[in-house]
Structures are given as structure tokens and as C-alpha cells.
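The values are calculated or read from the model by the stated rules, or taken from the named source; none is laboratory data. Given the structure is predicted, the values throughout are model-derived calculations rather than measurements. Note that each Cβ is placed from the backbone with ideal geometry, even for glycine, and that neighbours are counted across all protein chains shown.
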Amino acid sequence: MMGAFDGEQLIGLCGFHSDGRLKTKHRGEIVQMYVHPDYAGKQIGPALLRKTIEKAFLKPETELITLGVVNENTRAIKLYEQIGFREYGRMTHFFKKDTTYLGQRFMILERKAFQR
């Protein structure tokens, strides 16, 4: 877990989970990405994400990183694509609140495609 702070206040975080099983230890996942709305547009999210990915790729066995993002979060999708992630699938009706559904986009980043 990586954090961004303004003084002692946590304003952003990015989590990474590495799979330790024998046949899947070559991959990991961005499991959480958040920046407080008051700090949006100040490049905190991109910096956090890049640092998290750099640290993940320090492990020689990590070859690829996946993530999921809500289809409607076009700002995040654009950032992920700029860093080198590409879409590999979608699921409609991934989340449900009351009678409203949201779709999820699944993305993957290979080490060689990482744009620092």
C-alpha cells in the first residue's frame, strides 16, 4: 500500500497485491486507487500509481499487473491507458446498488509496456 500525504493527512492511496502461488506469482493486481476529491487534478493519482507499479516491477518475478475500473470512470481509464494498461475484458452488471448496475472494465499492464 502506498500513500500520499498533505502534512499528516492521508490524501491518496494505491494498493497492490502480488499473487504468491507457484503458477500465478508472475502477476499482481492494483486493488485500490483513491485520491481525495479536494486534490483531484494535482497529479497525485498518477504519481501514486507510477510509484506503486515501479515498486511492483522491482520484483523480478512480477511480469504483469491487472486492475478493474468502473466503465464510467473515463478519467481513470485515460490515466491507465497513458501508463500502458490495455483492456482485456468487460463485465456489465458487475456492481449493483438497489436497481442500478455498473459495468467493470478489466485492464492489464505488461512490464515492457509500462510508460513511466
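What the table shows:
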{"quantity": "Selected residue (criterion: surrounded by the fewest Cβ atoms within 10 Å (Cβ to Cβ)) from residues of segment 35-80 that are of a type in the set (D, E, K, R), touching a residue at least 12 places away in the same chain (Cβ under 8 Å) and over 17 Å from residue 2 (Cα atoms)", "calculated": "38"}
{"quantity": "Of all residues making up segment 16-30, the number that are out of contact with any helix residue (DSSP H, G or I) (no Cβ under 8 Å at 6 or more places or on another chain), outside any loop (DSSP other than H, G, I, E, B) and touching a residue at least 24 places away in the same chain (Cβ under 8 Å)", "calculated": "2"}
{"quantity": "Selection count, segment 59-90, where residues are farther than 21 Å from residue 48 by Cα and over 17 Å from the mean Cα position of the chain (by Cα)", "calculated": "1"}
{"quantity": "Residue count for segment 63-107, restricted to those that are in contact with a Gly (Cβ under 9 Å, 6 or more places away or on another chain) and aliphatic (A, V, I, L, M)", "calculated": "7"}
{"quantity": "Test: residue 54 is at negative phi, within 15 Å of the chain's Cα centre (by Cα) and acidic (Asp, Glu)", "calculated": "yes"}
{"quantity": "Only listed residue being within 19 Å of residue 17 (Cβ to Cβ) and either of a type in the set (S, T, N, Q) or at pLDDT 95 or above (or both), chosen from 110, 81, 87", "calculated": "110"}
{"quantity": "Residues within segment 28-68 that are more than 14 Å from residue 114 (Cα to Cα) and of a type in the set (Lys, Arg), tallied", "calculated": "2"}
{"quantity": "Candidate set: segment 23-37, residues that are among the hydrophobic types (A, V, I, L, M, F, W, C) and under 9 Å from the mean Cα position of the chain (by Cα); chosen: the one farthest from residue 62 (Cα to Cα)", "calculated": "33"}
{"quantity": "Count of segment 47-75 residues which are of a type in the set (S, T, N, Q) and in a loop (DSSP other than H, G, I, E, B)", "calculated": "3"}
